[in-house]
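Single-structure report; data block below.
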Amino acid sequence: MNPRKALLILVPYLWLLALFLVPFLIVLKISLSDVALSIPPYTPTLDLSAGWAGFRDFLSELDFENYVFLSEDSLYWKSYLSSLKIALISTFLTLLVGYPVAYGMANAPDEWRPTLMMLVILPFWTSFLIRVYAWMGILSNEGFLNQFLLWTGLISEPLTILNTNTAVYIGIVYTYLPFMILPIYATLEKLDASLLEAAEDLGCTRAGAFWLVTLPLSRPGMIAGCFLVFIPALGEFVIPSLLGGSDTLMIGKVLWEEFFSNRDWPVASAVAVVLLAILIVPIILFQRQQQRQQEAEQ
Amino acid sequence: MSDPAPTSRPDVFAPWNDPNQRPLIQFQNVTKRFGDFTAIDDLTVDIYAREFFALLGPSGCGKTTLMRMLAGFETPTEGYILLDGQDIGPVPPNKRAVNMMFQSYALFPHLTVAENIAFGLKRDNLPKDQIAARVDEMLRLVQLQKFAARKPHQISGGQRQRVALARSLAKAPKLLLLDEPLGALDKKLRTDTQFELMEIQEKTGTTFVIVTHDQEEAMTVASRVAVMDHGKMIQVDTPDRIYETPKSVYVADFIGDVNLVEGVATSHQKDGKVQIHWAEGKEPIIGTPMQPIADGTRCTFAIRPEKVHISKEHPEGKTNIMQGKIIDIAYLGNLSTYHVQIPTGEIFKAQSANTRRIERRKFTWEDNVWLWWSETAGVVLTE
Ligand SMILES: Nc1ncnc2c1ncn2[C@@H]1O[C@H](COP(=O)(O)OP(=O)(O)OP(=O)(O)O)[C@@H](O)[C@H]1O
Ligand SMILES: [Mg+2]
């Protein structure tokens, strides 16, 4: 390998090393430590001045206690399961909402598309926190939604939505919708209209052509969208804390409480490492899928 | 043209000459506009059952648009299209007994070759074994058995074209629309497939409308050829008539190779022949017009290169004799085309068969030669 090429490859590797591997190793190390009333709030810390012997002492003090603790306290695995469930359901809901929107965009007249695209991206221009707060205003008992429903006479008592899992689903679907719409739109837009004509020519109805041609051909977009929603939704923290109730169990929230309420950094780090381990699976699947699709397109 | 136009079959198939025959397809004053662009311009034509109808014309003249109207993807802006005497305007594409092979193939990328071919059959809810048998038959027809399990992106362009052809043939429709079905095939495979198509046509009685850029193909397969230009059909006729008796300069020039000479006609003797005065101080060309034309009419004399004889010696007792020098020779294998410049500067093309090996040829560059043709060899065109 010539030096130029080596340098080119080195840059992304250094990048990954600095921004991913090093922080991960620090978190991993903390997860193997014990809580301590000190700054930083864990022990041992690596003292490089003690030399090789100091390093050996340091290693011998690390253990898997925190992981054992995680497996013993049902709160944690219940939170993981509940997060998985919430992430899966909300990914599915986002797909249900996002697909028709993407389909509509892809079939809109050419001159409308940039505007529609703008509208999808527009929410990113305001702070995520403000948008979630806005949902609190909409969903609360005296909120706009209840006021509107009471006004139309559809309900006589205000619905309790805020601080329930429903509010969390709404929040996640709303927040991550663009991540679902954009990849689906990208595949639908590329779709050759003559394929649908060919399907109709061979005896399909419009709906049949959609089912047999459009849907399978937009699968890569759907899969990409689902991963892009599922992965961040699994570790989501802000939405369950602001919109969810006391019974909304999500691992992101647990993590936050361990860190900031309990100040138990080692357990919090262990929670984070396990979360990462869970996420690695879909991330690898996602990578594979992307690679396969690229190969297919060549 | 390197092949002569085929002679018509023994039992002459010419329903267009029989007033009792009802056409399968009727275009009645069909106009199609895209915005203010007119793609099909007030077109009226009848196509009969069992015909092999070829559309020939320059790029953008409206061939695909015509097909798409038949398949149901475009509706005429004005006029009607009748299939079996019924207006098909309101019939959706999936309800028409018409299948189309797309110019872009439009193969389903997520399905294998076999699944692509089976697609239309499955829509008819045929039993599984019947579908499999038919798919097999089609694969064999286009010689793609080995590729049945491949996806479209895993086969070559010509193979894709054959899949598209097989897919459109699979349902054995009443009317088959082929938009440049054989363009990507090599000459041998193309000829084979042409004969296959003709055979299918004989066997199934399917009516074919075919778009082609290859005149030879149109000549080989078609019962009739329509030469199109700017959304109009300039001439609709049998291949031999299109070739031998084009009605206009456009058709003569578009089909095959031709020598064109402009001039003014005066009548010659009493046998209906005319003299065409085409250059100051030149012997007029004697030709035979199809209809009598008035003295002084501007006209164009058109003659195919293979009807121009070429010889080294002055031909005795012949008409339409010219002398010139060979400035170019196009060697086509079985034929050679000689470009002969006469003293006034015009270039005539003469074609002759290469019956001898190259080193024994009679003519070469810079040779002085004589050209001549008979009084009935060319056509006199006034359009
Ligand atoms: N959907 C459309 N909108 C606007 N113009 C169109 C549309 N479809 C076709 N045209 C125009 O109509 C004319 C005829 O197109 P068509 O596709 O029928 O040509 P063609 O004879 O099939 O040409 P080719 O031999 O290149 O395939 C072209 O000038 C084309 O630009
Ligand atoms: Mg075309």
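See the values below:
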| quantity | calculated |
| --- | --- |
| Answer residue from region B:212-231, given it is closer than 23 Å to residue B:39 by Cβ and among the polar types (S, T, N, Q) and is nearest to ligand 2 (Cβ to nearest atom) among those | B:212 |
| Residue check for residue A:127: surrounded by fewer than 16 Cβ atoms within 10 Å (Cβ to Cβ) and free of Cβ contacts under 8 Å to residues at least 40 places away in the same chain | yes |
| For residue B:104: the one exception among (1) within 13 Å of chain A (Cβ to nearest Cβ); (2) small (Gly, Ala, Ser); (3) in contact (Cβ under 8 Å) with a residue 24 or more places away in the chain | (3) |
| Complete set of residues in region A:200-212 that are in a helix (DSSP H, G or I) and facing another protein chain (nearest Cβ under 7 Å) | A:200, A:201 |
| Some residue of region B:78-97 being surrounded by fewer than 22 Cβ atoms within 10 Å (Cβ to Cβ), within 16 Å of ligand 2 (Cβ to nearest atom), touching a residue at least 40 places away in the same chain (Cβ under 8 Å) and not hydrophobic (A, V, I, L, M, F, W, C) | no |
| Hits in region B:30-57 - residues which are in contact (Cβ under 8 Å) with a residue 24 or more places away in the chain and either on the phi > 0 side of the Ramachandran plot or near ligand 1 (Cβ under 7 Å from one of its atoms) (or both) | B:39, B:42, B:50, B:57 |
| Selected residue (criterion: farthest from residue A:69 (Cα to Cα)) from residues of region A:30-50 that are surrounded by 13 or more Cβ atoms within 10 Å (Cβ to Cβ) and touching a residue at least 60 places away in the same chain (Cβ under 8 Å) | A:41 |
| Every residue from region A:196-227 that is hydrophobic (A, V, I, L, M, F, W, C) and closer than 28 Å to residue A:287 by Cα | A:210, A:211, A:212, A:213, A:215, A:217, A:222, A:223, A:224, A:226, A:227 |
| Hey, residue A:171 more than 16 Å from residue A:107 (Cα to Cα) and either surrounded by 22 or more Cβ atoms within 10 Å (Cβ to Cβ) or more than 14 Å from every other protein chain (Cβ to nearest Cβ) (or both) or not | yes |
| So residue A:292, is it within 30 Å of residue B:109 (Cβ to Cβ), more than 17 Å from the chain's Cα centre (by Cα) and within 14 Å of chain B (Cβ to nearest Cβ) | yes |
| Residue A:219 vs. criteria touching an Asp or Glu at 6+ places or on another chain (Cβ under 8 Å) and either within 17 Å of residue A:179 (Cβ to Cβ) or within 14 Å of chain B (Cβ to nearest Cβ) (or both) | no |
| Conditions (1) among the small types (Gly, Ala, Ser); (2) more than 16 Å from ligand 2 (Cβ to nearest atom); (3) more than 14 Å from every other protein chain (Cβ to nearest Cβ): number failed by residue B:60 | (2) |
| Residue that is farthest from the other protein chains (Cβ to nearest Cβ) [pool: residues in region B:163-209 that are within 16 Å of ligand 1 (Cβ to nearest atom), within 15 Å of the chain's Cα centre (by Cα) and not in a strand (DSSP E or B)] | B:182 |
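Every number here is computed from the coordinates shown, using simple stated rules; none is lab data. None of the values given here were measured: they were computed from a predicted structure. Ideal geometry is used to build each Cβ from the backbone, glycine not excepted, and the neighbour counts take in all protein chains shown.
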